[in-house]
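Computed from the coordinates by the stated procedures, all read-outs in this text should not be read as laboratory data. Quick caveat, the model's predicted, so the values are computed rather than measured. Cβ placement follows ideal geometry from the backbone for every residue including glycine, while neighbour counts extend to all protein chains displayed.
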Amino acid sequence: MTGIKLGQYVYGDSLIHQLDPRTKIICCTLAVISVMASSNVYYLLFLLMLMIAAIISSHLNLKFILKSIYQIRSLLLVTLLLQAFLIPGQAVFTLGPINMTKEGLILGSINILRLIILFMGSLILLMTTTPMKLLTGIEYLLKPLEKLNIPVHNFTTILGISFRFLPTLFEEATLIRNAQKSRGAQFESPQLMVKIKSYAAVVIPLFEASLSRAADLGEAMDSRCYSPHSNQLRMSSLKMKSQDFLALLFAGIIVLAGLPISTLMK
């Protein structure tokens, strides 16, 4: 696992690696539905344990994924604080004219748990499925939309390019951050404006490099006479097995069990 980038496919022969990409996409969609529909802490913790079990059974590096979650701690903290100060209820802390409420802290904690589950689920999907198989599965599931004259293949091509360059962008952002840090950028400064200026020195060159790379890619595709057409051979290569149907059945049971639990606990 040394040198693995966030969201990069990790080769393996585990059960989750062997599942059809359509199965994993549908299971992730059902997980999103169950996470967003339920506000029961115990049910969300159960889903979190399922995610951890899936990571371990896939032979993915749990420490690496936990470290990735730690890297988005600022987003999680902002989510908690916004809920804590904006949701009315019983005040537990007063800061000038605004109050931190007990109800806000509870809702903020639930939303943090939701974000962590969704983040882990997306990493499992990306790290156990090759980009080509993932795109083929998405295109297959969205194929009925072609009857409405929606360019599904163009959409999946855009997704494929995004998946391909996400690890590259993470790596380039790390290189730019280290370069700016060596020039005196203060990313850990307690002053908010100093921190914003430091991160702006990363975002601006990263955005410029992304535009340059996109232009180069467009020219390369034009020079090779790229035309957006579905690959029927690749689509027909998808085969669902008994393990896929069992996984879909299990995911469906989890969702159907979670919705009544959330309703009863309100």
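Could you tell me which of the residues ILE33, ILE26 is touching a residue at least 40 places away in the same chain (Cβ under 8 Å), β-branched (Val, Ile, Thr), surrounded by fewer than 16 Cβ atoms within 10 Å (Cβ to Cβ) and closer than 30 Å to SER236 by Cα? Write out each step before concluding.
On the way: ILE26 fails: surrounded by fewer than 16 Cβ atoms within 10 Å (Cβ to Cβ).
After ruling out the rest, the residue left standing is ILE33.
Look at ASN178 and say whether it is out of contact with any Leu (no Cβ under 8 Å at 6 or more places or on another chain) and closer than 23 Å to SER236 by Cα. No; evaluated as a whole, the condition is false for this residue.
Being crowded, with 18+ Cβ neighbours inside 10 Å, among the hydrophobic types (A, V, I, L, M, F, W, C) and in contact (Cβ under 8 Å) with a residue 12 or more places away in the chain, is that true of even one residue in the range 83-97? Please lay out each step first, then the result.
Of the residues in the range 83-97, the ones crowded, with 18+ Cβ neighbours inside 10 Å are 83-84.
Subsequent filtering for residues that are among the hydrophobic types (A, V, I, L, M, F, W, C) retains 84.
Among the residues that remain, those that are also in contact (Cβ under 8 Å) with a residue 12 or more places away in the chain are: 84.
Looking for residues that are crowded, with 18+ Cβ neighbours inside 10 Å, among the hydrophobic types (A, V, I, L, M, F, W, C) and in contact (Cβ under 8 Å) with a residue 12 or more places away in the chain, one finds at least one in the range 83-97, hence yes.
Of all the numbered requirements in (1) without any contact (Cβ under 8 Å) to a residue 40 or more places away in the chain; (2) touching a His at 6+ places or on another chain (Cβ under 7 Å), MET100 misses one, and that requirement is (2).
Sort through LEU81, LEU86, LEU76 and tell me the only one that's farther than 30 Å from TYR11 by Cβ, among the aliphatic types (A, V, I, L, M) and in contact with a Gly (Cβ under 7 Å, 6 or more places away or on another chain).
Numbers: LEU81 fails: in contact with a Gly (Cβ under 7 Å, 6 or more places away or on another chain); LEU76 fails: in contact with a Gly (Cβ under 7 Å, 6 or more places away or on another chain).
Sole residue among the options that is farther than 30 Å from TYR11 by Cβ, among the aliphatic types (A, V, I, L, M) and in contact with a Gly (Cβ under 7 Å, 6 or more places away or on another chain): LEU86.
Restricting to the range 54-82, and then to whatever is more than 22 Å from LEU126 (Cα to Cα) and surrounded by fewer than 13 Cβ atoms within 10 Å (Cβ to Cβ), can you tell me which residue is nearest to the chain's Cα centre (by Cα)? Among those residues, the one meeting the criterion is SER74.
Among the residues of the range 103-146 satisfying the criterion of being basic (Lys, Arg) and farther than 14 Å from VAL41 by Cβ, which is surrounded by the fewest Cβ atoms within 10 Å (Cβ to Cβ)? Filtering the range 103-146 for residues that are basic (Lys, Arg) and farther than 14 Å from VAL41 by Cβ, the one surrounded by the fewest Cβ atoms within 10 Å (Cβ to Cβ) comes out as LYS143.
Which ones in the range 40-53 are small (Gly, Ala, Ser) and surrounded by 19 or more Cβ atoms within 10 Å (Cβ to Cβ)? Within the range 40-53, no residue meets the criteria.
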